[in-house]
Amino acid sequence: MLNEVARTLHYCHEQGIVHRDVKPENVMIEAGSGRVVLVDFGLIRRDRLRAAWSTQDEQSLTQEGTTLGTPSYMPPEQVSSEIGQVDRRSDVYALGALLYFLLTGELPFTGANAVNVLIQVLEAAPPDPRRVNAEVPDALAKLCMQCMAK
């Protein structure tokens, strides 16, 4: 399933589009076919040089400089623009957080409120899923942590 999400994101990235809200709620399985579908492109960021849309479409996109998304799946650069620019690597980070959730059944970062979670996203090392689930193969744990590398 995650392979299909990764392929979809790669296609989006090749079109100059960053999803910015990869999370379990935005991954659906189509009834009948079992096809995995990535949904909710409401927070996309596009590369203006690669995805030329009309000005009407541009006005409906999320404004740059705003912090929107799901805290436990947000990469550091989406939390704070001082860290870097949101690009395809941001979706790779979120894909790693999604993998963490699939491997452990838990969110990679948790806290009493969104601010606590965002501070962890900014400052804490990516969690090793084997701390929660010792049965996670080393290769998958390594991939998860590489995707979430800051």
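Worth pointing out:
- Residue that is farthest from M1 (Cα to Cα) [pool: residues in segment 118-140 that are among the hydrophobic types (A, V, I, L, M, F, W, C) and crowded, with 21+ Cβ neighbours inside 10 Å]: L118
- Any hit, segment 134-141, residues being more than 13 Å from the chain's Cα centre (by Cα) and in contact (Cβ under 8 Å) with a residue 40 or more places away in the chain: yes
- Here is the figure for segment 103-117: residues that are in contact with a helix residue (DSSP H, G or I) (Cβ under 7 Å, 6 or more places away or on another chain) and surrounded by fewer than 14 Cβ atoms within 10 Å (Cβ to Cβ) total 2.
- Meets criteria (surrounded by 12 or more Cβ atoms within 10 Å (Cβ to Cβ), modelled with pLDDT under 85 and aliphatic (A, V, I, L, M)) for L68: yes
- Test: residue in segment 89-103 that is within 18 Å of T70 (Cα to Cα), part of a helix (DSSP H, G or I) and basic (K, R): yes
- Residue within segment 82-93 that is acidic (D, E), under 23 Å from L9 (Cα atoms) and touching a Leu at 6+ places or on another chain (Cβ under 6 Å) present: yes
- Inter-residue pairs, beta-carbon under 7 Å, first of a type in the set (S, T, Y) and in segment 80-91, second in a loop (DSSP other than H, G, I, E, B) and exposed (fewer than 14 other Cβ atoms within 10 Å of the Cβ), 6+ apart: S81/G65
- Tallying residues that are closer than 24 Å to R88 by Cα and not in a loop (DSSP other than H, G, I, E, B) within segment 116-150 yields 17.
The values are calculated or read from the model by the stated rules, or taken from the named source; none is laboratory data. Note that this is a predicted model, so its numbers are computed, not measured. Glycine gets a Cβ as well: all are built from the backbone with ideal geometry, and neighbour counts include every protein chain shown.
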